[in-house]
Amino acid sequence: QVQLVESGGGLVQAGGSLRLSCTASGNILRINTMAWYRQAPGKQRELVASITSGSSINYADSVKGRFTISRGNAKNTVYLQMDSLQPEDTAVYYCNAQIWGIFSWGQGTQVTVSS
């Protein structure tokens, strides 16, 4: 069991930046992958970026070159640096931790980008 707490969402103008943080507690040594997902109103939840325990990184095509995922030194924290934000990035962003295919989710943090 892993508990996740996100922070860092908010309102920003198009072209601006935000940094999301997520801290995991519980069975953190068993985490294989940490990731950020997002869900916009009326849409399915989608993967934004992921990072494995071996530091392999994957991005959705829509955020490549604008978003950067990273892990803290303690390995139980994951960040999402979001630059050049656009209105279509508006969504609730969820932190995710995976332990051998079992997903844990944070409560979500709202990101709103105004045009």
- Task: Output the number of residues of segment 1-24 satisfying the condition of being surrounded by 17 or more Cβ atoms within 10 Å (Cβ to Cβ) and of a type in the set (D, E, K, R).
- Result: 1
- Tell me, please, whether a residue that is closer than 19 Å to GLY9 by Cβ and among the polar types (S, T, N, Q) can be found in segment 24-32. no
- Query: Taking segment 70-94 on its own, how many of its residues are open to solvent by less than 50 Å² (accessible area, probe 1.4 Å), in contact (Cβ under 8 Å) with a residue 12 or more places away in the chain and farther than 15 Å from GLN110 by Cα?
  - Reply: 5
- For the subset of segment 100-111 comprising residues that are over 11 Å from the mean Cα position of the chain (by Cα) and open to solvent by 50 Å² or more (accessible area, probe 1.4 Å), which member is modelled with the lowest pLDDT? GLY101
- Query: If the Cβ limit is 7 Å and pairs must be 6+ apart or interchain, which residue in segment 102-115 that is under 16 Å from PHE67 (Cβ atoms) pairs with which residue that is at pLDDT 95 or above and of a type in the set (Phe, Trp, Tyr)?
  - Reply: THR109/TYR93; VAL111/TYR93
- Would you point out which residue out of SER55, SER50 is loosely packed, with under 14 Cβ neighbours inside 10 Å, over 15 Å from GLY108 (Cβ atoms) and either touching a strand residue (DSSP E or B) at 6+ places or on another chain (Cβ under 6 Å) or polar (S, T, N, Q) (or both)? SER55
- Query: Looking at segment 1-80, what strands (runs of 3 or more DSSP E) fall wholly within it and have at least 1 residues that are of a type in the set (A, V, I, L, M, F, W, C) and over 14 Å from the mean Cα position of the chain (by Cα)?
  - Reply: 2-7, 10-13
- Item | Failed item in (1) within 15 Å of ALA35 (Cβ to Cβ); (2) open to solvent by 20 Å² or more (accessible area, probe 1.4 Å); (3) among the hydrophobic types (A, V, I, L, M, F, W, C), with PHE67 passing the rest | (2)
- Message: So, ARG45, is that one farther than 16 Å from GLN107 by Cα and open to solvent by 60 Å² or more (accessible area, probe 1.4 Å) or not?
- Response: no
- Exactly one condition in (1) assigned to a strand (DSSP E or B); (2) open to solvent by less than 40 Å² (accessible area, probe 1.4 Å); (3) under 13 Å from GLY16 (Cα atoms); (4) not acidic (Asp, Glu) is not met by ALA97; state its number. (3)
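The values are calculated or read from the model by the stated rules, or taken from the named source; none is laboratory data. Since the model is a prediction, treat every value here as computed from it, not as a measurement. No Cβ is skipped: glycine too gets one built from the backbone with ideal geometry, and neighbour counts run over all protein chains shown. Please note that ligands, DNA and RNA were not included when accessible areas were found on the heavy atoms of the full protein model with its side chains. Shrake-Rupley method; radii C 1.70, N 1.55, O 1.52, S 1.80 Å.
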